[in-house]
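Novice: Okay, handing you the structure first.
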Amino acid sequence: MEGFSVGVPEAVCLGASLALSGICYYLYRKSRTTVDKLDDAPHFTVDGKLKDILKVTPGACLQYAVIEGAVQPVGEPLTSHFQKEIAGVLQKFMLTQQRLVWNGLSSTWTDSERVLHQRVNTVPFVLVGSDETAVKVLCPLQASGVHTEITHEKFHQVNYGFGDIVGQYLSGEKIKGQLETEEMLKVGATLTGVGELILDTDGVLNLRPPSNSAQYFLSITDFDSLRRDQESVAVWWRALTIASALAGASVLLWVGRRYYCHLKVRWEQEQERREFERMQAEAPRAPAAAPGPEGLQDAAEGRAENACVICLYRPRNCILLDCGHVCCCHTCYQALPRRQCPICRQNISRVVPLFHV
């Protein structure tokens, strides 16, 4: 690849596309594995037969199983701070600051938010089946999936004075207000759990995060909706993987095309050089007379006047057509960045040797 180099933008684009493709493919395989495990997971009804099944299972453990039941607290439930009639077992409170930030690149105000306060409360709870059989849910905060619903949401708008408005434009930040949100997993809600199901020595059924690195799910939607959500995530990661791989392939094709054009130009120059040398070799040559002292001086002056205007060293030995200028040697002609005459800037269609008689 002599004389050819990959540009910095091309190298950056190629490296970024390869790195992005690898990351997206890893996330796609991870999400695809999760969907496959969900498909293979057995479904069980929370009833008295569940204990019998686990008793005959090696280790009294099912590594990945799907159950569904009604949420009931173990002890006193949590009460909503804003609606006292709502009780739950998991409560999330968040206070965020909504603001506009000036973006100098796009010259626009963009939305942004900052968490000012966040609090999570939880109490032990179980999933109860039709015959009051209960499965205790462990580590609910480690679970994925939508397992809370909004019970309170209020936006507190900020009022500005003239000085505040001027200060916002100077600082490039406008505070819109504060958003107060409360989410809860309500008592009595139907919850789908996917995880490791075990029967401990006390005869209590437990649902906990899987020990085989599978994903732990708690969702207030049904299993089919949960699976569709995970399937859509896998599809998105697959699309991003393909898109980034196509971008990398496009960069490779562009570099390959440039390299092909580089080789083509070098091949054409080599062919042109050989043809030029052949025409020079076939030209008739006049016998050279023995030069005297004056002849040597005239020859030196002639070489200086006939020197290439580019390298100022080699003699002019070619005619540039169609303009007909004789101004350079064939070596410098081939090194021209553009096939244009150095004198008149006309395009050069072909070159023929110059013969001195």
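Novice: Put +1 on the Cβ of every Lys and Arg and -1 on every Asp and Glu Cβ in the chain; which of Ser107, Val35, Gln178 then has its Cα farthest towards the positive end of the dipole?
Specialist: Going by the Cα projections, it comes out as Ser107.
Novice: Rounded to the nearest 10 degrees, what's the angle between the helix 162-171 long axis and the longest principal axis of the chain, both from Cα atoms, 0 to 90?
Specialist: Between helix and principal axis, roughly 50 degrees.
Novice: While we're here: Say we join alpha carbon atoms closer than 10 Å with springs in a Gaussian network model of the chain; which of Val251, Val135, Val101 then has the biggest fluctuation?
Specialist: For the chain, modelled as a Gaussian network with Cα springs under 10 Å, the answer is Val101.
Novice: Rounded to the nearest 20 Debye, what is the dipole magnitude of segment 130-278 about its Cα centre when Lys and Arg each give +1 and Asp and Glu each give -1 at the C-beta? Each step should come with its number before you reach the end.
Specialist: On the way: 16 positive and 21 negative charges, 236 e Å.
Computed charge dipole of segment 130-278: roughly 1140 debye.
Novice: Is segment 1-102 rounded, prolate or oblate when judged by the Cα gyration tensor, a ≥ b ≥ c being the square roots of its eigenvalues, rounded requiring a/c under 1.5 and prolate requiring a/b larger than b/c? Kindly include the intermediate steps, with their values, before the conclusion.
Specialist: Numbers: a/c = 5.71, a/b = 1.58, b/c = 3.60.
Since a/c reaches 1.5 but b/c is at least a/b, the shape of segment 1-102 is classed as oblate.
Novice: Let me know the shape class of segment 305-345, please: from the alpha-carbon gyration tensor, a ≥ b ≥ c as square roots of the eigenvalues, rounded when a/c is under 1.5, otherwise prolate if a/b is greater than b/c, or oblate. Don't jump to the answer; show the numbers that get you there.
Specialist: Values: a/c = 1.81, a/b = 1.30, b/c = 1.39.
Cα axes put segment 305-345 in the oblate bin.
Novice: May I ask what percent, to the nearest 5, of DSSP beta bridges between residues of segment 1-123 are antiparallel? Show your work: numbers first, answer last.
Specialist: Working: 16 of 17 bridges.
Antiparallel bridges: around 95 percent, rounded to the nearest 5.
Novice: Looking at the chain as a GNM with Cα springs under 10 Å, which of Lys154, Lys51, Lys37 has the largest mean-square fluctuation?
Specialist: Ranking Lys154, Lys51, Lys37 by mean-square fluctuation puts Lys154 first.
Novice: Could you give the length gained on full extension between Gln142 and Asn159, defined as 0.36 nm per residue of separation minus the Cα-Cα distance, in nm? Can you show the working numbers first?
Specialist: On the way: separation 17, 0.36 × 17 = 6.12 nm, distance 3.94 nm.
Working it through step by step, the gained length comes to 2.2 nm.
Novice: Can you tell me what the convex hull of the Cα atoms of the chain projects to on average, as an area in nm²? Kindly include the intermediate steps, with their values, before the conclusion.
Specialist: Working: hull surface 146.0 nm².
Result: a mean projected hull area of 36.5 nm².
Novice: Could you tell me which of Gln340, Ile165, Tyr260 has its Cα farthest along the dipole of the chain towards the positive end, charges placed at Cβ (Lys, Arg +1; Asp, Glu -1), taken about the Cα centre?
Specialist: Value computed over the given set: Gln340.
Novice: Suppose each label sits 7 Å from its Cα in the direction of the beta carbon; what would the Val56-Tyr313 distance come out to in nanometres?
Specialist: 9.5
Novice: Follow-up. Using the Cα centre of the chain as the reference point, and only Cβ charges (+1 on K/R, -1 on D/E), how large is the resulting charge dipole? Debye, rounded to the nearest 20. Please list the in-between numbers first.
Specialist: Details: 36 positive and 39 negative charges, 256 e Å.
That gives the chain a dipole magnitude of about 1240 debye.
Novice: Continuing with the same structure: Please work out how much length the chain gains when fully extended from Glu10 to Arg350, using 0.36 nm per residue of separation minus the C-alpha to C-alpha distance, in nm with one decimal.
Specialist: Values: separation 340, 0.36 × 340 = 122.40 nm, distance 3.37 nm.
Contour length minus Cα-Cα distance gives 119.0 nm.
Novice: Right, something else. How high is the relative contact order of the chain, in percent, counting Cα pairs under 8 Å that sit 6 or more residues apart? Could the numbers behind the result be given before it?
Specialist: Working: 573 pairs, mean separation 65.7, N = 357.
After rounding, I find 18 percent.
Novice: Cβ neighbours within 10 Å, averaged per peptide: list 256-266, 84-94 in order, most packed at the top.
Specialist: Details: 256-266: 12.1, 84-94: 18.1.
The most tightly packed comes first, giving 84-94, 256-266.
Novice: Determine, from the Cβ-Cβ distance of Ala281 and Leu246 and an R0 of 45 Å, the FRET efficiency 1/(1 + (r/R0)^6), rounded to the nearest 0.05.
Specialist: Numbers: r = 52 Å, r/R0 = 1.16.
Result of the calculation: an efficiency of 0.30.
Novice: Would you please classify the overall shape of segment 149-278 from the alpha carbon gyration tensor, given that a ≥ b ≥ c denote the square roots of the eigenvalues, rounded means a/c under 1.5, and beyond that prolate means a/b larger than b/c while oblate covers the rest?
Specialist: Values: a/c = 4.96, a/b = 1.61, b/c = 3.08.
The shape class here is oblate.
Novice: Right, next: Dipole magnitude of segment 1-141 about its Cα centre, charges +1 at Lys/Arg Cβ and -1 at Asp/Glu Cβ only, in debye to the nearest 20? Mind dumping the intermediate values first?
Specialist: Working: 13 positive and 14 negative charges, 75 e Å.
Magnitude of the dipole: close to 360 debye.
Novice: Suppose the chain between Asp40 and Leu105 were pulled fully straight at 0.36 nm per residue; how much longer would it get relative to their current alpha carbon spacing?
Specialist: Working: separation 65, 0.36 × 65 = 23.40 nm, distance 4.91 nm.
Length gained, Asp40 through Leu105: 18.5 nm.
Novice: Another question about this same structure. Is there a pair in Lys84/Lys136; Lys37/Lys136; Lys92/Lys176; Lys49/Lys136; Lys136/Lys186; Lys51/Lys136 whose C-alpha atoms are over 19 Å apart, and which pairs would that be? Mind showing how you got there, number by number?
Specialist: On the way: Lys84/Lys136 26 Å; Lys37/Lys136 22 Å; Lys92/Lys176 23 Å; Lys49/Lys136 16 Å; Lys136/Lys186 16 Å; Lys51/Lys136 13 Å.
Distance filter (> 19 Å) returns Lys84/Lys136; Lys37/Lys136; Lys92/Lys176.
Novice: Once you put a point 7 Å from the Cα of Glu76 and another 7 Å from the Cα of Ser225, both along the Cβ direction, what distance in nm separates them?
Specialist: Placing both labels 7 Å beyond Cα along the Cβ direction yields 3.2 nm.
Novice: Another one. Using only helices, what value at 222 nm comes out for the chain when you add -39,500 (n - 2.57) per DSSP H run of length 4 or more and divide by the total residues, to the nearest 500 deg cm²/dmol? Walk me through the numbers on the way to the answer.
Specialist: Details: 6 runs with 128 residues, N = 357.
It comes out at -12500 deg cm²/dmol, rounded to the nearest 500.
Novice: Something else now. Which residue, Gly163, Gly203, Gly145, tops the fluctuation ranking in a GNM of the chain built on C-alpha contacts under 10 Å?
Specialist: Gly163
Computed from the coordinates by the stated procedures, all read-outs in this text should not be read as laboratory data. This structure is a prediction, so every number in the text was calculated from the model and none was measured. Virtual Cβ from ideal backbone geometry, glycine too; neighbours counted across all protein chains shown.
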